[in-house]
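Reading through the structure tokens given below for one structure.
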Amino acid sequence: MNNIRNIKVSNDSFVVELEKSSLKFNCKDLNDKYIIDISDMNLINATKTAIFCSTFCFIKNIQKKLCWLVKDEEIKRAISILRLRNVEQIVKEKTEEKRVILAS
């Protein structure tokens with residue numbers, strides 16, 4: 001991943017501006033955290049994205065937590081190993097299962 005130049009949150013999007021390109025993710029802005037959907041990424045890319053973005057936000061003193069919506073438990077564990085203070089992980093499948101149960 002190129003060096004992160006900036007991170008912007010706008011219109012349900014989490015945009016990571018890199019040196020030569022940008023990445024755009026679906027995002028929900030809750031009171032105390034941003035929920036960012038990286039569930040379509042593989043283990044390496046999801047872990048790298050979560051770590052770099054979380055570290056950038058920590059250095060820039062962004063007060064909200066980043067809650068990464070990931071594909072599976074393996075990715076959740078890979079991110080949680082680092083114990084970053086401004087990070088949470090949620091497995092997307094589990095949130096979808098809860099919605100189905102609540103809708104029934």
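Listed values, structure above:
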quantity: Residue within region 1-24 that is over 17 Å from K92 (Cα atoms), part of a loop (DSSP other than H, G, I, E, B) and in contact with a helix residue (DSSP H, G or I) (Cβ under 6 Å, 6 or more places away or on another chain) present; calculated: yes
quantity: L66 being modelled with pLDDT of 90 or more and open to solvent by less than 100 Å² (accessible area, probe 1.4 Å); calculated: yes
quantity: Boolean, F52 is closer than 14 Å to F14 by Cβ and open to solvent by 80 Å² or more (accessible area, probe 1.4 Å); calculated: yes
quantity: Residue identified as open to solvent by 30 Å² or more (accessible area, probe 1.4 Å), at pLDDT below 85, part of a helix (DSSP H, G or I) and of a type in the set (K, R) among K98, K76; calculated: K98
quantity: Hits in region 37-52 - residues which are assigned to a loop (DSSP other than H, G, I, E, B) and either of a type in the set (D, E, K, R) or over 17 Å from E17 (Cα atoms) (or both); calculated: S39, D40, M41, N42
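The values are calculated or read from the model by the stated rules, or taken from the named source; none is laboratory data. A quick note: this is a predicted structure, and the numbers were derived from the prediction, not measured. All Cβ positions, even for glycine, are placed from backbone atoms using ideal geometry, and neighbour counts span all protein chains on display. SASA here: full protein model, heavy atoms, side chains in, ligands and nucleic acids out. Shrake-Rupley method; radii C 1.70, N 1.55, O 1.52, S 1.80 Å.
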